[in-house]
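The values are calculated or read from the model by the stated rules, or taken from the named source; none is laboratory data. Source: prediction; values computed, not measured. All Cβ positions, glycine included, derive from the backbone under ideal geometry; neighbour counts span all protein chains shown. Surface areas here come from the heavy atoms of the whole protein model, side chains and all, with no ligands, DNA or RNA. Shrake-Rupley method; radii C 1.70, N 1.55, O 1.52, S 1.80 Å.
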2 protein chains.
Amino acid sequence: MTQNQAKKISKSDRTRAHILEAARLLFAERGYDGASIRDVAAHASIDPAMVIRYFRSKDELFARAAVVDLHLPELRMIDRAAIGETLIRRFLEIWEGPASGPGMTILLRSAMSNDFAAEKLREVFANQVRPVVAAVGDPADAGRGAGLVSSQLLGLAMCRYLLRLPPVVALSHDEIIRNVGSALQRYVTEEDLS
Amino acid sequence: MTQNQAKKISKSDRTRAHILEAARLLFAERGYDGASIRDVAAHASIDPAMVIRYFRSKDELFARAAVVDLHLPELRMIDRAAIGETLIRRFLEIWEGPASGPGMTILLRSAMSNDFAAEKLREVFANQVRPVVAAVGDPADAGRGAGLVSSQLLGLAMCRYLLRLPPVVALSHDEIIRNVGSALQRYVTEEDLS
DNA sequence: TTAGAAAGTCAACACTTGTTGACAAACGGA
DNA sequence: TCCGTTTGTCAACAAGTGTTGACTTTCTAA
């Protein structure tokens with residue numbers, strides 16, 4: 001019984017995972033509108049109706065595909081002078097590291113033209129970025145640092161991985177860490193001298 | 001004859017401009033895919049077929065709507081220490097100033113999921129941003145500064161005007177000028193100390 | 001006034017989209 | 001073996017897309 005149930009579940013869950021994998025790939029490459037359910041189904045070698053059966057709708061499929069966990073480090077634990085460098089190094093891991101998934105690409109690609117993706121990306125900011133950055137520095141200044149850091153990092157991701165601006169693509173990791181790292185450092189630790 | 005011709009042209013060009021205005025509004029609000037020709041036509045109180053008659057296709061309509069001229073100032077003419085502030089002030093004028101058109105919004109909104117918009121945005125960078133920024137600083141370092149500046153400014157535009165991240169929306173002009181301005185200043189003038 | 005061009009309307013085309021329901025095959029437990 | 005659930009296929013729907021061509025109206029030049 002347990003084995004049967006497990007076997008059944010694993011059977012259906014394998015194609016389920018198959019579909020989700022294809023969806024993540026296509027959503028990342030073409031965005032929400034550009035990736036049709038038929039495309040996803042073809043990529044998973046399956047009938048379009050199955051995509052709807054496993055995920056109730058295209059929206060729900062996208063929601064499942066757009067899950068992101070940044071795994072940002074606890075900034076309180078590290079040298080205050082190294083926060084900027086820590087953040088930019090984690091950024092490079094998220095986008096280029098061996099374990100990097102397409103999650104952020106999916107979100108960023110569609111967030112400009114799809115309300116749901118935009119809301120999801122705002123949630124990532126509110127739940128994962130803001131609390132981490134706010135843990136260092138003036139609590140009264142809560143959002144400012146996180147907002148500035150996000151604007152720089154999302155802009156860098158956009159220019160380097162989606163828009164592919166040649167000079168931004170050409171930047172080496174060292175250049176990015178040095179230049180952007182120090183900018184982030186200032187955003188996070190520098191008081192907003194009025 | 002001249003008057004007649006002028007009158008005719010002005011007649012047809014008025015609706016032409018009407019269509020283009022509606023298109024710019026909708027492309028800015030909803031992106032390339034989200035704004036249908038029928039939507040544009042309805043907004044211009046005209047038949048969808050007229051949109052095609054005046055602009056040959058949706059792509060061409062978009063191309064006409066997505067024209068951008070940043071009017072960046074010549075950086076060689078100003079105090080080297082004020083370049084960052086100059087850039088960020090111009091940025092705020094482009095996006096929030098009284099004469100600000102939806103051009104950049106149109107481009108940015110669609111550039112993540114539409115190849116043509118992406119190419120057009122890269123052209124804006126290559127033709128309008130890069131030469132201006134490259135005019136100051138090491139020519140061997142040509143693209144780096146312009147790339148970093150663009151990543152920060154496009155990221156800021158994205159977070160503030162499209163994604164509308166609350167803390168970034170809440171930033172005052174003064175805060176933006178102070179914080180981002182000094183970051184830009186470093187990107188442009190600081191040598192890349194290896 | 002009248003012929004002709006210009007401006008605008010209407011219906012339809014071919015196609016793609018997300019989604020659904022009816023049906024067939026595979027499979028596991030009794 | 002046989003029944004029932006799971007897994008999958010097929011065709012179709014209703015809606016929306018960009019685009020086209022035939023048609024009518026409007027207006028101007030001769």
| message | Over chain B, with a Gaussian network built from C-alpha contacts below 10 Å, which listed residue (B:Ile46, B:Ile88, B:Ile37) shows the highest mean-square fluctuation? | response | B:Ile46
| Under the classification rounded if a/c is under 1.5, otherwise prolate if a/b is larger than b/c and oblate if not, where does segment A:75-189 fall, given a ≥ b ≥ c as square roots of the Cα gyration tensor eigenvalues? | oblate
| What accessible area, in Å² to the nearest ten, does a 1.4 Å probe give for A:Phe91? | 10 Å²
| Cα gyration tensor of chain B, axes a ≥ b ≥ c as square roots of the eigenvalues: rounded (a/c below 1.5), prolate (a/b > b/c) or oblate? | prolate
| Accessible-area ranking of A:Arg24, A:Arg14, A:Arg80, A:Arg178, largest first, probe 1.4 Å | A:Arg14, A:Arg80, A:Arg178, A:Arg24
| remark: Checking segment A:128-194 for GluC sites (Glu not before Pro) in a loop per DSSP with at most 15 other beta-carbon atoms within 10 Å yields A:Glu190, A:Glu191
| query | Could you sort A:Lys11, A:Lys120 by accessible area so the largest value comes first, with the probe set to 1.4 Å? | reply | A:Lys11, A:Lys120
| Relative contact order for chain A using alpha-carbon pairs under 8 Å, separation at least 6, rounded to a whole percent? | 23 percent
| In chain A, which residue puts its Cβ closest to the axis that turns chain A onto chain B, and how many whole Å away is it? | A:Gly155, 1
| message | I'd like the accessible area for B:Glu21, computed on protein heavy atoms only with a 1.4 Å probe and all protein chains in place. Round to 10 Å², please. | response | 120 Å²
| remark: Distances in nm between the label point of A:Gln128 (7 Å along Cα→Cβ) and its equivalents in the other copies, shortest first, are 3.3
| query | Using the Cα gyration tensor of the protein assembly as shown, with a ≥ b ≥ c the square roots of its eigenvalues, what is the shape: rounded (a/c below 1.5), prolate (a/b larger than b/c) or oblate (neither)? | reply | oblate
| field | Distances in nm from A:Arg80 to the matching label points in the other copies, shortest first (labels 7 Å along Cα to Cβ) | value | 3.3
| task | Taking only Cα atoms and a 10 Å spring cutoff, compute GNM fluctuations for chain A and point out the largest among A:Gly147, A:Gly155, A:Gly84. | result | A:Gly155
| If the cut-off is a Cα-Cα distance under 17 Å, which aspartates and glutamates reach A:Lys11, setting aside same-chain residues fewer than 8 apart in sequence? | A:Glu21, A:Asp47
| request: Within a 10 angstrom radius of each residue's Cβ in B:160-172, how many Cβ atoms of other chains show up on average? Whole number is fine. | output: 6
| task | Quick one: check the C-alpha center-to-center distance for segment B:98-130 versus segment A:48-80, whole angstrom. | result | 29 Å
